[in-house]
Amino acid sequence: MIDFIGDIHGHREELEILLRKLGYEKMHGVYRHPESSAVFLGDYIDRGPDARGVVNIVRKMVESGTAKAILGNHEFNALCFWTKNSAGDFLREHSINKILIHTKTMESYRYAQKEFSEVLDWFLTLPLFLETPQFRAQHACFDLENIQILRRENLETLKSRENLCRIFEKENAAIRRAVDDTVKGPEVKLQDGAFYHDSEDVLRTLARIKWWIDPKNKTLRDLAFQPGVKIPPQPLSSEIQKRNFYSEKERPDFFGHYWLEGEPQLFRENICCLDYSVASFKGNGLLTAYRFSGEEKLSPQNFVWTPEIKSN
């Protein structure tokens with residue numbers, strides 16, 4: 001079995017509860033299961049109180065062979081925040097909003113600067129996606145064209161700061177899009193000055209889209225993947241209409257990123273999102289896993305989460 005685990009965001013206690021609920025036991029400092037391994041889908045840091053504790057658990061499991069860990073957009077953003085290009089500018093701006101996003105993680109590593117630097121180097125080794133004959137997995141979006149670009153460019157992992165900087169060069173726009181779509185998901189700009197505020201009250205002018213749905217003859221409202229937000233029914237550009245989509249005939253795909261709420265559910269028998277907002281300020285988020293045994297059609301009965309959902 002493989003246990004796919006969604007966005008943890010510094011919630012170490014919830015992670016340990018979930019691992020024990022799945023049957024993992026801590027032996028010699030590493031969580032292990034006699035019949036299963038884990039795949040962590042990214043976003044180990046930020047928002048929660050113990051990013052360092054989460055990273056330590058995940059990293060030890062990866063290094064002992066009991067888990068694999070995918071690069072999330074928060075790990076990618078942290079690398080960009082602390083990496084300068086050839087002109088001496090950081091790849092991710094040091095605005096107040098961006099600094100605040102990383103505050104919880106910085107507090108977690110307050111007295112461990114050297115360890116944090118080593119963790120950033122470890123992030124460079126994490127795959128952007130996984131693909132086997134039974135499943136695919138990434139943090140946000142699996143687009144076959146983007147995956148081909150990443151493979152062609154030898155970017156299954158970022159590998160180095162030099163590679164990271166190369167992604168941001170103007171002539172590498174297609175590579176930048178492939179990376180961004182994979183770790184952040186495709187987005188569409190809202191027209192006529194439309195905007196909304198996300199769950200953290202950040203003003204947004206872009207809408208995430210359901211990349212597994214055929215965009216032909218759809219509006220943005222049909223494709224929008226912004227839970228709790230009413231998106232205008234604007235027409236889609238020809239570029240979006242021509243995008244690849246993840247067909248029902250493809251093998252199961254597992255991902256996180258999209259900040260869902262409520263009881264975990266499948267969007268389709270081969271589409272499984274496992275980010276159920278464990279870091280939600282509302283206090284109703286779940287840390288969610290899917291226990292996969294190689295089935296071609298996924299089942300909602302295989303979700304496992306913590307804490308338990310409170311009935312009204």
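Past 21 Å, Cα to Cα: identify those pairs from K189/K218; K26/K297; K114/K159; K68/K282, in the order given.
Over 21 Å Cα-Cα: K26/K297; K68/K282.
Among I149, M106, Y24, flag the residue with its Cα farthest along the positive direction of the charge dipole of the chain, charges on Cβ as +1 for Lys/Arg and -1 for Asp/Glu.
It is I149.
Where Lys and Arg each count +1 and Asp and Glu each count -1, what net charge lies around C80 among other residues with Cβ under 12 Å from its Cβ?
Once positives and negatives cancel, what remains is +2.
Provide the net charge surrounding E295, with neighbours chosen by a C-beta distance below 11 Å and charges set as Lys +1, Arg +1, Asp -1, Glu -1.
On the way: positive: R251, R291, K297; negative: E269, E296.
Cβ neighbours under 11 Å give a net charge of +1.
With every protein chain in place, what's the accessible area of H11 (1.4 Å probe, Å², nearest 10)?
Estimated to the nearest 10 Å², H11 gives 30 Å².
Show me, for the range 287-302, the HN-Hα J-couplings you get by feeding each phi into the Karplus relation (A = 6.51, B = -1.76, C = 1.60, θ = phi - 60°), rounded to Hz, glycine and proline as x.
The phi angles translate into 9, 10, 10, 10, 8, 9, 10, x, 5, 6, 10, 6, 10, x, 5, 8 Hz.
Is there a quick way to get the dipole size of the range 1-143? I mean about its Cα centre, with the Cβ of Lys and Arg at +1 and of Asp and Glu at -1; what is the value in debye to the nearest 20?
240
Rounded to the nearest 20 debye, what is the charge dipole size of the chain about its Cα centre when +1 sits on each Lys and Arg Cβ and -1 on each Asp and Glu Cβ? Write down the numbers at each step before the final one.
Numbers: 43 positive and 46 negative charges, 46 e Å.
That gives a dipole near 220 debye.
Run the numbers for S160 and K21: contour at 0.36 nm per residue of separation, minus the present Cα-Cα distance, in nm.
46.4 nm is the gain from fully extending S160 to K21.
Which of the following values of Kirkwood radius over Cα pairs in Å was calculated from the structure shown: [x] 20.0; [y] 19.0; [z] 21.3?
It is the value labelled [x].
Treating the beta-carbon of each Lys and Arg as +1 and of each Asp and Glu as -1, no other charges, what is the dipole magnitude of the range 9-90 about its Cα centre, to the nearest 20 debye?
180
For R136, what residues show an amide H to amide H distance below 5 Å, using hydrogens built from the backbone and excluding near sequence neighbours?
Counting only residues 5 or more places away or on other chains, the set is D253, F254.
Which of the listed residues, L126, V188, A137, is farthest toward the dipole's positive end in the range 104-244, when Lys, Arg count +1 and Asp, Glu count -1 at the beta-carbon?
So the residue furthest toward the plus end is V188.
For M1, tell me the accessible area in Å² from a 1.4 Å probe, rounded to the nearest 10.
Estimated to the nearest 10 Å², M1 gives 80 Å².
Taking only DSSP H segments of four or more residues, each worth -39500 (n - 2.57), what value at 222 nm results for the chain once the sum is divided by all its residues, to the nearest 500 deg cm²/dmol?
-8000 deg cm²/dmol
Within 10 Å, count the other beta carbons around each residue, average over each peptide in 223-229, 114-120, and list them highest first.
223-229, 114-120
So how exposed is K60, as accessible area in Å² (1.4 Å probe, rounded to 10)?
100
Using only the C-alpha atoms of the range 86-155, find the volume of their convex hull and express it per residue in Å³.
Per-residue hull volume (Cα only) is 169 Å³.
Post the alpha-carbon centroid distance, the range 146-211 to the range 239-312, in whole angstrom.
Each part's Cα centre sits 21 Å from the other's.
May I ask which residue of L266, L206, G6 lies farthest towards the positive end of the charge dipole of the chain, with charges of +1 (Lys, Arg) and -1 (Asp, Glu) on Cβ and the Cα centre as origin?
Checking the options against the dipole of the chain, the answer is L206.
The values are calculated or read from the model by the stated rules, or taken from the named source; none is laboratory data. Small disclaimer: the values here were computed from a predicted structure and weren't measured. Because the Cβ atoms are built from the backbone with ideal geometry, glycine has one as well, and the counts that use them run over all protein chains shown. The accessibility values were calculated without ligands, DNA or RNA, using every heavy atom of the protein model including side chains. Shrake-Rupley method; radii C 1.70, N 1.55, O 1.52, S 1.80 Å.
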